[in-house]
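The values are calculated or read from the model by the stated rules, or taken from the named source; none is laboratory data. Note that the structure is a prediction, hence the values are computed from the model and not measured. Here the Cβ positions follow ideal geometry from the backbone for every residue, glycine too, while neighbour counts run over all protein chains shown. In case anyone asks, the SASA skips ligands and DNA or RNA and just uses the protein heavy atoms, side chains included. Shrake-Rupley method; radii C 1.70, N 1.55, O 1.52, S 1.80 Å.
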Amino acid sequence: MINSVSKILAAILAVILMYVFPLDNSAQKQDDLSFLVAFKSVTNFVDSVRDKGYITPTMYNDFFEELSTTGNTYEVTMYHKHKTYDPNYDNMTNPNSPAFLGGFTLNYDEFFNDQIMPVLFPTNVKTKDDPSRWYKLSKGDYFSVQIKNTNRTPAQIMRDFFTNSNTTDAKINIPYGGMISNEDY
């Protein structure tokens with residue numbers, strides 16, 4: 001009886017070592033490759049925007065096509081901080097003609113996907129190369145992109161199967177950004 005139990009356990013262990021472990025390892029490597037491709041796509045896109053000072057629909061579509069080669073779906077969040085200098089005025093003494101106090105206050109206007117995407121993809125029928133569809137940034141502005149995968153990766157599915165859990169957090173989460181260094185428009 002003990003001999004047959006040990007043979008069954010040995011067979012289960014052999015199946016795990018011969019089939020399950022290599023499958024898990026290859027799924028993990030696929031996730032690693034997906035992360036590297038997504039990281040390269042994000043850095044290329046953001047660095048291109050930082051160097052040129054604008055986003056075109058073609059640049060955005062190429063970025064999305066590169067991300068889709070990983071086989072995952074992504075939530076893309078773009079963030080633009082526009083630097084403004086506002087002069088300091090004294091509005092309290094005479095509201096009709098405020099006095100300039102000297103100096104300036106640094107403020108940032110923030111723009112997100114809801115403001116960027118209508119410029120890139122308006123509802124009118126303009127060509128993709130029309131300059132009015134360019135989202136322009138200024139030198140000194142800050143631009144960043146964050147991507148998160150919205151699907152479960154193969155490695156997550158396999159691990160969830162064996163651990164009897166349901167992982168929903170993003171396996172690929174890449175934030176990247178920087179200051180705009182050029183206005184090439």
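I'd like the residue in the range 117-176 that is of a type in the set (Asp, Glu) and open to solvent by less than 90 Å² (accessible area, probe 1.4 Å) and, out of all such residues, is farthest from residue 17 (Cα to Cα). I'd like the intermediate steps shown before the answer.
Step one: filter the range 117-176 for residues of a type in the set (Asp, Glu), giving 129-130, 141, 160, 169.
Filter once more, keeping what is open to solvent by less than 90 Å² (accessible area, probe 1.4 Å): 130, 141, 160.
Working: 130: 58, 141: 53, 160: 18 Å.
It comes out as 130.
Scanning the range 46-85 for residues that are open to solvent by 70 Å² or more (accessible area, probe 1.4 Å) and assigned to a loop (DSSP other than H, G, I, E, B) yields 69, 73.
Selection of first residues in the range 33-61 that are within 25 Å of residue 171 (Cβ to Cβ) and of second residues that are crowded, with 19+ Cβ neighbours inside 10 Å and of a type in the set (S, T, N, Q), restricted to Cβ pairs under 6 Å at least 6 apart or on distinct chains, gives the following pairs, ordered by first then second residue: 34/70; 34/72; 37/70; 38/70. When the residues of the range 15-42 are filtered to those that are farther than 13 Å from residue 66 by Cα and β-branched (Val, Ile, Thr), the one that is least open to solvent (accessible area, probe 1.4 Å) is 20.
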